[in-house]
Amino acid sequence: MSLQKSILRWFRKNARPLPWRKRYGPYEVWVSEIMLQQTQVETMLPYFERWMRTFPTLKRLAKSPEKKVLKVWEGLGYYSRARNLHASAKEIVRKYDGVFPADYEAIRALKGVGRYTAGAIASIAFNEERPIVDGNVLRVLSRVYSVKKPIDVEKNKDLFWGLQESLIPKGEARLFNQALMELGALVCTAKNPQCLVCPIQTNCTAFQKNRVLDYPVRQRRKSPVKVDAAAVLFLKKNKVLIRRRPLGEIMGGLWEFPEWKLAKDAALTADEIQKHTLASLRSEFSFKPENLRPLAEIKRNYTHHLETLRVFSAIVPEDTLLKSQSNWPSRWVTPREFSLYPFSSAHAKIAKLIS
Ligand code: SF4
């Protein structure tokens with residue numbers, strides 16, 4: 001038990017004063033865990049605070065329109081997570097009269113809640129002895145026990161889940177689970193682990209053998225696919241064309257300036273990109289602008305893809321009706337009206353360019 005005692009003692013002294021740690025309310029823990037699925041604590045804190053100011057209770061969230069929910073989420077990406085929070089809040093109001101369920105299976109059945117998030121909510125909000133394994137926990141455990149199995153191979157995951165579960169001290173799941181993650185975030189970091197001040201240094205086999213940076217072991221990754229894409233700001237008088245992506249598409253329900261994927265792993269030259277963009281304009285809008293002006297270049301990453309999005313502007317003559325082949329809902333809006341529409345983060349950046 002010395003490892004557990006040392007980690008708990010360290011956490012009681014060093015835990016960051018995060019807003020959901022004040023009273024460990026399940027609504028706050030749930031929202032924080034969903035936001036933390038894609039971002040670091042420091043980055044998500046302003047979003048978390050804005051969310052809680054706008055939707056201070058689960059019932060308020062359930063009653064709010066989806067457009068507002070997506071707007072408040074804007075900047076965090078992965079909008080399906082915001083939609084799932086919203087849908088689950090409605091379900092909790094309907095099924096449990098607005099009281100967050102304490103039962104693990106009921107938590108796990110909520111939309112967007114998988115094994116990790118259910119374990120986090122059950123242990124952190126309800127102090128139930130459920131394991132949780134995130135990237136921080138994987139790193140700490142693989143170093144403490146010098147685990148040679150690659151952490152990114154699916155079939156090895158159960159080993160870490162079992163190990164983590166076996167370590168939870170009775171009645172201390174809330175603090176122990178957070179302590180292990182916090183140790184990974186603050187002390188046992190990926191690049192510069194602070195072993196000399198680590199509270200479990202004497203339990204750590206990688207440290208004892210001076211092999212800390214050999215862990216965690218990973219399988220070699222395939223290099224990401226490079227994607228060339230283009231977005232066009234159609235300008236007509238003082239208005240810009242935006243359109244809403246259909247549900248079921250990636251970023252479904254969000255608004256964008258019309259964009260196209262041009263090529264994969266082709267490393268197109270500037271001329272080729274211009275040519276391909278004009279071809280996309282012709283085929284979708286039957287429109288050939290007089291002048292397609294390059295405005296900006298935005299990088300974005302998504303699963304195994306590295307995308308370069310080139311942004312262009314094109315003047316549309318007042319008497320030209322721009323009719324798209326796709327039936328996506330579209331609108332001509334002024335830059336001042338952008339704040340009324342939820343955009344994906346790349347398109348929110350484009351909106352800022354001309355606001
Ligand atoms: Fe991580 Fe070093 Fe502590 Fe081991 S001693 S758990 S490697 S920080």
Report the FRET efficiency, 1/(1 + (r/R0)^6), for His305 and Lys68, where r is their Cβ-Cβ distance and R0 is 25 Å, rounded to 0.05.
-> 0.25
If contacts are Cα pairs under 8 angstrom and at least 6 residues apart, what is the relative contact order of the chain in percent?
-> 16
Give the residues of the stretch 143-160 whose amide nitrogen is closer than 17 Å to a point set 7 Å from the Cα of Tyr104 in the direction of its Cβ.
-> 158-160
Highest GNM mean-square fluctuation, the chain, Cα pairs closer than 10 Å: which of Ile242, Ile168, Ile250?
-> Ile250
With a sphere of radius 14 Å drawn around the Cβ of Gly253, what net charge do the other residues whose Cβ falls strictly inside it have (Lys, Arg +1; Asp, Glu -1)?
-> +4
In a Gaussian network model over the chain where Cα atoms closer than 10 Å are linked, find which of Ser344, Ser32, Ser146 has the largest mean-square fluctuation.
-> Ser146
Taking the Cα-to-Cβ direction at Gln201 and at Tyr96 and moving 7 Å from each Cα, how far apart do the two end points lie in nm?
-> 4.3
If the chain between Glu318 and Asn238 were fully extended at 0.36 nm per residue, the gain over the current Cα-Cα distance would be 27.7 nm
Cα→Cβ-extended label distance, 7 Å offset, between Tyr145 and Thr54, nm | 4.1
Cα convex hull volume per residue for the stretch 225-354, in Å³, equals 103
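When the chain is fully extended, how far beyond the present Cα-Cα distance does Thr269 get from Gln325, taking 0.36 nm per residue of separation?
Values: separation 56, 0.36 × 56 = 20.16 nm, distance 2.72 nm.
Length gained, Thr269 through Gln325: 17.4 nm.
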Calculate the spin-label point distance for Val333 paired with Lys22, positioning each point 7 Å from the Cα along the beta-carbon direction, and give it in nanometres.
-> 3.3
Volume in Å³ per residue [convex hull over Cα atoms, computed for the chain] = 158
Exposure proxy check: Cys204, Cys195, Cys188 ranked by fewest other beta carbons within 10 Å?
-> Cys195, Cys204, Cys188
Using the Karplus equation 6.51 cos²θ - 1.76 cosθ + 1.60 (θ = phi - 60°), what ³J(HN,Hα) coupling, rounded to whole Hz, does each residue of the stretch 129-134 give in order, writing x for Gly and Pro?
-> 6, 10, x, 9, 10, 10
Hey, if you put +1 on the Cβ of every Lys and Arg and -1 on every Asp and Glu Cβ in the chain, which of Ser6, Gly253, Ile107 ends up farthest toward the positive end of that dipole?
-> Ser6
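Read the figures in this text as sums done on the coordinates, not as results from a lab. This one's a predicted model, so the numbers in the text were calculated from it and none came from an experiment. Every residue, glycine among them, receives a Cβ derived from its backbone with ideal geometry; neighbour counts consider all protein chains shown.
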